[in-house]
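The block underneath contains the structure these notes are about, expressed in C-alpha cells.
Just so you know, all these numbers are worked out from the coordinates, no wet-lab data involved. For clarity, every value in this text was computed on a predicted model and none was experimentally measured. All Cβ positions, even for glycine, are placed from backbone atoms using ideal geometry, and neighbour counts span all protein chains on display.
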Amino acid sequence: MEDLASFLRIRRSRVDPATVGIPVDSRRRVAGLRREEVAHLSGVSVDYYVRLEQGRATQPSEQVRDALARVLGLDEIERGHLDRLACQRRRHTKAPGGRLRPELLRVLDLVDGAPAMIMNHRMDVLAGNRLAGLLYGRPMQGWNTARHIFLEEAGHGLYADWEKCTVDVVGHLRLAAGEYPGDPRLASLIGELAMGSERFRRLWARADVRARTHGRKAYRHPLVGLLELHQENFALPSEAGSELVVLSAAPGSAAEDGLRLLAGLGAVAPPEESCERRGRGDAPGRTARRRS
C-alpha cells in the first residue's frame, strides 16, 4: 500500500524550496526539493538519503526521522505516520476483526437524538443506531463510507461538503495503511477506489495523512433538507482501530429541528432495512437488538 521510500519521494516533491531558504530561479526544473538538498538540510549523506528513497535503507534512526520531518514540514500526525513506515519491518500489527461486544451495541441504543455508528479503520460501518440509518437511508452494517463517498456519491447528493469529505477520507486511509500494512482488505479497498475514482488517485498521490477526530459535517437530506452537524470521533480502546462516531446538532439550530423531523418521519414509516444493525463487521451474523 505504501512504504517509507514512496512517502519520502512524494513529500519531498511538495516542499517549496523558498520555505527552507533555497533560492529559486527560472532555470529550476525540479518540483520541490532535490534529494541532495533534503540530505544536506537533514544532516545525512546524499548516498544514505538516496538509499532511503530507493528502499535500500528502511529503518532510519529517530534522530534522522526528526530531521526529515522538520525538512519535509510534517505535522504531528504525519510524523507519527513516518515513524510507523520506518518501523514496518519490525512490526506485525494484525488488522482488528469486526466482532463487536454487546455492550457497545447497547451504547448505540443510548445515543438519542443524534446519528451514531461504529466504524473500523477501513471505514466499514460495523453498527449504527436508528437515526443513522435514517440519515443515510440505508442499512448501517456492512457498507463502507469511503466507497460510498467516492464511487456512489461522486460529487453530489448526500454530502454538502463532498470535496472536503474526500480529502479527509484519503488522509484517514493513508494513516490506516501505515498502521495496518498487512491488511489485505484495506489494500483491496484502496485499489478499488484508485481504479474507480480519478479524484481518489489525485488525492492519494499527495500523500496527505489525517486523523479523524472532530469537525463540521453537512448533509443534504432528501426529506429534511440541509443538516449542518458536528462530528465527534471517540476511539474505542478495547476495539483496536474502531471508533464511535456521533453526529450532533447545535441546540436550537435548524439542524436540531431537522433531526427531530427525520426521527419523526422514520417513526411514521420506518424503513425496515435502514434500522437493521448487526454486531459483526466481517460476516453476516446475528441481527443486533433493535430499539423497541
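Out of residues 5 or more away from L229 or on other chains, whose amide H comes under 5 Å of its own, with H placed 1.01 Å from N in the peptide plane?
K217, A218, Y219
Using the Cβ atoms and a cut-off under 12 Å, what net charge is assigned to the surroundings of A218, where Lys and Arg are +1 and Asp and Glu are -1?
With Lys, Arg at +1 and Asp, Glu at -1, the neighbours total +1.
Counting Lys and Arg as +1 and Asp and Glu as -1, what is the net charge of the other residues whose Cβ lies under 15 Å from the Cβ of R34?
Spelling it out: positives minus negatives among the neighbours equals +2.
Below 9 angstrom from the Cβ of H121, what's the summed charge of the other residues (Lys, Arg +1; Asp, Glu -1)?
Residues close to H121 contribute a combined charge of -3.
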